[in-house]
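The values are calculated or read from the model by the stated rules, or taken from the named source; none is laboratory data. These numbers were taken from a predicted model, which means no experiment stands behind them. So basically every Cβ, Gly included, is an ideal-geometry build from the backbone, and we count neighbours across all protein chains shown. Each accessible area value is taken on the protein alone, full model and side chains, heavy atoms only, with ligands, DNA and RNA left out. Shrake-Rupley method; radii C 1.70, N 1.55, O 1.52, S 1.80 Å.
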Amino acid sequence: MRKKVIAGNWKMNMTPSEAVELVDTLKPLVDNPEVDVVFCVPAIDIIPVVEAAKGSNIQVGAENMYFEDKGAYTGEISPAMLTDAGIKYVVLGHSERREYFAETDETVNKKMLKAFEHGLTPIMCCGETLEQREQGVTMDFIRQQVKIGFQNVTAEQAKTAVIAYEPIWAIGTGKTATTEQAQEVCKGIRACIAEVYDEATAEAIRIQYGGSVNAETAPELFAQPDIDGGLVGGASLKPDFGKIVNYK
Ligand code: 13P
């Protein structure tokens, strides 16, 4: 039985002092031992959020990371910086990073390999545009993102990974994919992992849905057999996140 993983992606919101306030507000609301609760926060918020989350069930994640260990990469954050600061998870290949910061399947793959090397759990994002959905190539596109993203990742590593299926047209639009659409793609992703690896890996890997998840839509989405939780943007910045974490 896979444990659900419900993660907030704060994106570029919350100054360090606002971040601490938000953690203090949410801490009592997200206390659900049945679920892995992760707050993925901006780099500058990591240290204060790790401190503020101490003694709670909140695990802290980063929103991005570079694929080299150290060196002359002005402005980047290394995996060792993250682990030293107490980070467990890292979001990789979010569609906003692919669209605005030129991330590709290849750079996402390099980051995946580096994250595993440092014991970080990647939350690898994939998802189609509205145009791709209308052209009927959703699954082809996502299979490519997954296959390249996981190149040279071992089965043992893949078993611990999280994949977030986030249809681009559902992000920040208030337009959630229907439960059937979300389940269908998450099932397809699991089948792709079974093809690349084996059934045991496909059974172990956790697949989230993301895109306008809120307290109303979460219960039905998370009840689907192939949806193991969510990656939540806007609603993770509000007390509503407590309801999402306690969706049952
Ligand atoms: P929203 O929940 O705001 O649509 O964002 C989803 C997302 O991109 C999470 O990574």
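Is there a residue being acidic (Asp, Glu) and within 16 Å of the ligand (Cβ to nearest atom) anywhere in segment 138-147? It would help to see each step written out before you state the result.
Pass one, segment 138-147, residues acidic (Asp, Glu): 140.
So of that shortlist, the ones also within 16 Å of the ligand (Cβ to nearest atom) come out as none.
No, segment 138-147 contains no residue that is acidic (Asp, Glu) and within 16 Å of the ligand (Cβ to nearest atom).
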Those residues of segment 96-110 which are surrounded by 16 or more Cβ atoms within 10 Å (Cβ to Cβ), farther than 15 Å from residue 143 by Cα and within 16 Å of the ligand (Cβ to nearest atom) amount to 96, 97, 98, 103
By residue number, the members of segment 27-41 that are in contact with a helix residue (DSSP H, G or I) (Cβ under 9 Å, 6 or more places away or on another chain) and surrounded by fewer than 24 Cβ atoms within 10 Å (Cβ to Cβ) are 27, 28, 29, 31, 32, 35
Is it the case, given these coordinates, that residue 151 is buried (at least 20 other Cβ atoms within 10 Å of the Cβ), at negative phi and in contact (Cβ under 8 Å) with a residue 12 or more places away in the chain? no
Of 161, 80, the only residue that is open to solvent by less than 50 Å² (accessible area, probe 1.4 Å), out of contact with any helix residue (DSSP H, G or I) (no Cβ under 6 Å at 6 or more places or on another chain) and without any contact (Cβ under 8 Å) to a residue 40 or more places away in the chain is 80
With the first residue restricted to segment 173-185 and required to be more than 17 Å from residue 125 (Cα to Cα), and the second required to be at pLDDT 90 or above and more than 15 Å from the ligand (Cβ to nearest atom), Cβ contacts under 7 Å at 6 or more apart or on different chains are 179/220; 179/224
Taking segment 1-15 and keeping residues of a type outside the set (Val, Ile, Thr) and at pLDDT 95 or above leaves 2, 3, 4, 7, 8, 9, 10, 11, 12, 13, 14
Here the residues within segment 165-197 that are farther than 21 Å from residue 153 by Cβ and either in contact with a His (Cβ under 8 Å, 6 or more places away or on another chain) or of a type in the set (S, T, N, Q) (or both) are 173, 176, 178, 179, 181, 183
Counted residues in segment 74-95 being within 16 Å of the ligand (Cβ to nearest atom) and not aromatic (Phe, Trp, Tyr) come to 6
Taking segment 59-77 and keeping only residues that are β-branched (Val, Ile, Thr) and surrounded by 15 or more Cβ atoms within 10 Å (Cβ to Cβ), one is left with 60, 77
Listed by range, helices (runs of 4 or more DSSP H) wholly within segment 1-112 having at least 3 residues that are over 29 Å from residue 246 (Cβ atoms) and of a type in the set (D, E, K, R) are 95-100
Taking segment 119-138 and keeping residues touching a residue at least 24 places away in the same chain (Cβ under 8 Å) and either of a type in the set (S, T, N, Q) or buried (at least 18 other Cβ atoms within 10 Å of the Cβ) (or both) leaves 120, 121, 122, 123, 124, 125, 126, 127, 128, 129, 133, 138
Counted residues in segment 189-248 being over 23 Å from residue 14 (Cα atoms), in contact (Cβ under 8 Å) with a residue 60 or more places away in the chain, open to solvent by less than 50 Å² (accessible area, probe 1.4 Å) and among the polar types (S, T, N, Q) come to 1
